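Take a look at the structure below.
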Amino acid sequence: MWCQRLAWLLRGSSGRGWLRSMVVAAARGYHTAPRSLRCAWQLHGDHLELRYGNTLMRLDFVWLRDHCRSASCYNAKTNQRSLDTASVDLAIRPQAVRVDESTLFLTWPDGHVTRYGLEWLVKNSYEGQKKQVMHPRILWNAEIYRQAQVPSVDCWSFLETDEGLKEFLQNFLLYGIAFVENVTPTKEDTEVLAERISIIRETIYGRMWYFTSDFSRGDTAYTKLALDRHTDTTYFQEPCGIQVFHCLKHEGTGGRTLLVDGFHAAEQVLRRAPEHFELLSRVPLKHEYVENVGGCHNHMIGVGPVLNVYPWNNELYLIRYNNYDRAVINTVPHDVVRRWYHAHRALTTELRRPENELWVKLKPGKALFVDNWRVLHGREAFTGYRQLCGCYLTRDDVLNTARLLGLQA
């Protein structure tokens, strides 16, 4: 009812018609700014209801006091809160509220005045965040990616110019994969490349690793066998964010790299069977890595659902999919486990569709960066001697580099 009346108010005519709507609003407890602002508000027992543009926000009074950006409440130099949230009365209510062309003013019982830009409120309110995407992406299958003709970035441009680095990061953020060409095929040069965008994440595999088929580690990857699509380190509580691959040498046949956009596959599941998507995003599973080879002794367990989404806007941000390392399913009750298998099969079917498979032959000099939270990788079987080097990167540092270059990340 309130929204209907507000819509009527906002459709009011100019002149005396608008004056009449202002009188009606005041009589009923509604408050409006000039029509050009498309703004109206109403006080409730514990929150302020504010419409600005096309967004209807419900802003709790405690939230409004806690997020005050005044000099005494917020340090603009460090971008940190100064206000002690525990000192705010949980029953606080403003004594006065006013809105001008661009700003909301609230006067609190102790006389403190809080000011909020209306655009800032739209951007930072729950309702505003729910409409926004944290990380813009282009979902792809093999044909979509080929038609996009995403360019590789030259190594010199990547290392020496902000323009080359920004182009690379934009490709990586949008597609979850990006290539750098003309890299000297050594581990040392690959390390320099990786450090351009991030701190290298040292793991149980070391800092920079060589990758051959000598079975030096207790992992199928260290063989010549084909590897089905998967994400890495699902057995970490926080799977590694980015993986770097650089083929240094291959004297033989086969060994192409397989890439699949896991978010594209998950989107197809959501569209065709939303109940499967919901189950895969809700049921926690264990992934496990047990190793006793040579001097390497590890037993790692990571727990989380296959699909991980932000709860406020249902945006997918991480897929944890590795059939090799999935542990015993003992976190799912019997009345759910069969439904989970159906959901997992639906996702696997999408991931294995031939049209979703992008096959790439990695050659010396061409380095590949993979978003391990999004893109699954695998390989075909190979013959001969094949040596790769690579590393894992900390996701936060890659996104930090992107933001400093003005990209949304």
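The values are calculated or read from the model by the stated rules, or taken from the named source; none is laboratory data. For clarity, every value in this text was computed on a predicted model and none was experimentally measured. Heads up, the Cβs are rebuilt from the backbone with ideal geometry, glycines too, and the neighbour counts pull from every protein chain shown. For accessibility, only protein heavy atoms count, side chains too; no ligands or nucleic acids. Shrake-Rupley method; radii C 1.70, N 1.55, O 1.52, S 1.80 Å.
Solvent-accessible surface of the chain, averaged per residue with a 1.4 angstrom probe and all protein chains in place: 49 square angstrom.
Peptides 307-318, 340-351 ordered by packing proxy, namely the average of other Cβ atoms within 10 Å per residue, highest first: 340-351, 307-318.
Straight-line reach from Lys187: taking Cα to Cα under 14 Å and skipping same-chain neighbours fewer than 8 places apart, the aspartates and glutamates in range are Glu195. For region 248-292, the spread of Cα coordinates along the three principal axes comes to 47, 32, 14 Å, biggest extent given first.
Accessible area ranking (1.4 Å probe, heavy atoms, ligands and nucleic acids excluded), largest first, for Met57, Met300: Met300, Met57. Restricting the calculation to Cα atoms, every distinct pair contributes to the Kirkwood radius of the chain, found to be 24.9 Å. Counting only residues at least eight positions apart within a chain, or on another chain, the lysines with an alpha carbon under 30 Å from that of Lys131 are Lys77, Lys123, Lys166. With the simple spin-label model, which puts each label point 7 Å out from Cα in the Cβ direction, the Asn313 to His44 separation comes to 2.3 nm.
Rg/Rh for region 39-130: what does it come to with C-alpha atoms and Rh from Kirkwood?
Taking Rg over the Kirkwood Rh, I get 0.94.
Here the Gaussian network model covers the chain, with springs between Cα atoms less than 10 Å apart; of Lys131, Lys166, Lys366, Lys131 fluctuates the most.
Each Lys and Arg Cβ is given +1 and each Asp and Glu Cβ -1; about its Cα centre, region 142-405 then shows a dipole of about 780 debye.
Per-residue ellipticity at 222 nm computed for the chain from its helices equals -9000 deg cm²/dmol, with DSSP H segments shorter than 4 residues left out and the rest contributing -39,500 (n - 2.57). When a 1.4 Å probe is rolled over the protein heavy atoms, the share of accessible surface on the chain that falls to carbon and sulfur comes to 51 percent.
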